[in-house]
Amino acid sequence: MTTDKTEILKALAHPVRVSFLEWMRTPEKHFCNQAHPLEMGICANQFEKKCGLSQSTVSAHLATLEKAGLLKTNRVGQWAFYSRDEENIASFLNELKSTL
């Protein structure tokens, strides 16, 4: 795993960040109104619309998830698109299974 499990656990300690990851698991269900293809990732403003939080708060939550290694970022011009880092998530879950 590329990220310390403590960082991941800290990132998962906030319910909004857990919701972001849950929504991203089935983006077609939660972000069907996004103009760009979902394969690019989810645009940050889609999270703002869904949860009603400010842009700066959403950005802070996404940055925390990215720093923990739970998200990948695809930058296109001024836009940032986020997707789950399934490899790191699986690695983290496997590590938890083997150590707890």
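The values are calculated or read from the model by the stated rules, or taken from the named source; none is laboratory data. Keep in mind that this is a model prediction, so the values were computed, not measured. Neighbour counts run over all protein chains shown; Cβ positions are idealised from the backbone, glycine included. The area values use the complete protein model at the heavy-atom level, side chains included, leaving out ligands, DNA and RNA. Shrake-Rupley method; radii C 1.70, N 1.55, O 1.52, S 1.80 Å.
For residue 45 and residue 87, calculate 0.36 nm times their separation in residues minus their Cα-Cα distance, and state this gained length in nm to one decimal.
Taking residue 45 through residue 87 to full extension adds about 12.6 nm, to one decimal.
Mind listing which GluC sites (Glu not before Pro) in the stretch 5-100 are in a DSSP loop and have 13 or fewer other Cβ atoms within 10 Å?
Filter output for the stretch 5-100: empty list.
Under a 10 Å cutoff between Cα atoms, tell me which one of 19, 83, 56 has the largest fluctuation in the Gaussian network model of the chain.
Highest fluctuation of the listed residues: 56.
If you roll a 1.4 Å probe over the chain with all protein chains in place, what percent of the accessible area is carbon or sulfur?
The value for the chain is 52 percent carbon and sulfur by accessible area.
How much length is gained if the chain between residue 35 and residue 7 is pulled fully straight, taking 0.36 nm per residue apart and subtracting their Cα-Cα distance, in nm to one decimal?
Contour length minus the Cα-Cα distance gives 6.8 nm.
With unit charges on the beta carbons (Lys and Arg positive, Asp and Glu negative) and the dipole taken about the Cα centre of the chain, which residue among 71, 52, 40 sits farthest to the positive side?
Positive-end residue among those listed: 52.
Points 7 angstrom from Cα along the Cβ direction at residue 28 and residue 73: gap in nanometres?
My value for the distance between the label points is 2.9 nm.
In Å, what is the Rg of the alpha-carbon atoms in the chain, and how long is Dmax?
Taking only Cα atoms of the chain, I get Rg and Dmax of 13.4, 42 Å.
Enumerate lysine pairs in the chain that are 8 or more residues apart or on different chains, then count those whose Cα atoms are under 22 Å apart.
Within the chain, the lysine pair count is 11.
In square angstrom, what is the accessible area per residue of the chain with a 1.4 angstrom probe? Before the final figure, lay out the partial values.
Values: 6040 Å² over 100 residues.
On a per-residue basis, 60 Å².
Counting each DSSP H run of 4 or more residues in the chain as -39500 (n - 2.57), what helix-only mean residue ellipticity at 222 nm follows after dividing by all residues, to the nearest 500 deg cm²/dmol?
That calculation yields -16500 deg cm²/dmol at 222 nm.
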